[in-house]
Amino acid sequence: METSTTLDLVLMAYDRIIDNLNEALEALEVVPKSYDVFSDKLTKSQQIVAALDDGLDDSQGELPAYLTSFYSFVRNKLIESNMDKSSDGVKEVISVVEQIRESWRHSAEIPIEEDSATVNDNPLSVNTVR
């Protein structure tokens, strides 16, 4: 049985957000456009973002506050895109979520100090046991 770290779960959530948003964009490219699928995929992405936000531990320094702001931006942009049935905001969200996902992936590659279990010199440090 393989177990996942908290960071692995965060990465999977980001991947799912990106997958949903790409599927939403595809729904606008078909003829006729599938606004129901577009809306459904944006809603699913919003739910994942809400779960990520709900899982933040505010006692872990400044990072949770930054992530809360980021998640709020993502949710607002997706709501706006859904109301306008516009792909521009979705593309913007995909871009920023991909950037943050890559930062998380990079932090997973940095060795963890044995005594503190935090990532060295990384603004996306997380307290996880590998």
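The values are calculated or read from the model by the stated rules, or taken from the named source; none is laboratory data. All figures in this text were calculated on a predicted structure; none of them were measured in a lab. Neighbour counts are summed over all protein chains in view; Cβ atoms, including those assigned to glycine, are modelled from backbone coordinates with ideal geometry.
Please indicate, with yes or no, whether at least one residue in region 90-104 is of a type outside the set (F, W, Y), modelled with pLDDT under 95, within 15 Å of the chain's Cα centre (by Cα) and on the phi < 0 side of the Ramachandran plot. Yes, the conditions are met somewhere in region 90-104.
For every residue, the table says whether it meets (1) under 27 Å from E23 (Cα atoms); (2) at pLDDT 70 or above; (3) of a type in the set (D, E, K, R).
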{"site": "E80", "(1), (2), (3)": "yes, yes, yes"}
{"site": "E109", "(1), (2), (3)": "no, yes, yes"}
{"site": "L124", "(1), (2), (3)": "no, no, no"}
{"site": "V129", "(1), (2), (3)": "no, no, no"}
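Listed by first and then second residue, the pairs with beta-carbon distance under 7 Å, at least 6 apart or on different chains, first residue in region 2-29 and without any contact (Cβ under 8 Å) to a residue 40 or more places away in the chain, second outside any helix (DSSP H, G or I) and surrounded by 15 or more Cβ atoms within 10 Å (Cβ to Cβ), are A27/S34. Restricted to region 46-65, and to residues that are in contact (Cβ under 8 Å) with a residue 40 or more places away in the chain and in a helix (DSSP H, G or I), which residue is surrounded by the fewest Cβ atoms within 10 Å (Cβ to Cβ)? Within region 46-65, the match that is surrounded by the fewest Cβ atoms within 10 Å (Cβ to Cβ) is L63. Taken as a whole, the condition of being more than 29 Å from T6 (Cβ to Cβ) and either surrounded by 17 or more Cβ atoms within 10 Å (Cβ to Cβ) or over 18 Å from the mean Cα position of the chain (by Cα) (or both) applies to K85.
Restricting I48, I94 to residues that are of a type outside the set (G, A, S), in contact with a helix residue (DSSP H, G or I) (Cβ under 7 Å, 6 or more places away or on another chain) and within 21 Å of T5 (Cβ to Cβ) narrows the list to I48.
Let's see how each residue does on (1) of a type outside the set (S, T, N, Q); (2) surrounded by fewer than 13 Cβ atoms within 10 Å (Cβ to Cβ); (3) part of a helix (DSSP H, G or I):
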site	(1), (2), (3)
S4	no, yes, no
A13	yes, no, yes
L28	yes, no, yes
V37	yes, no, yes
T43	no, no, yes
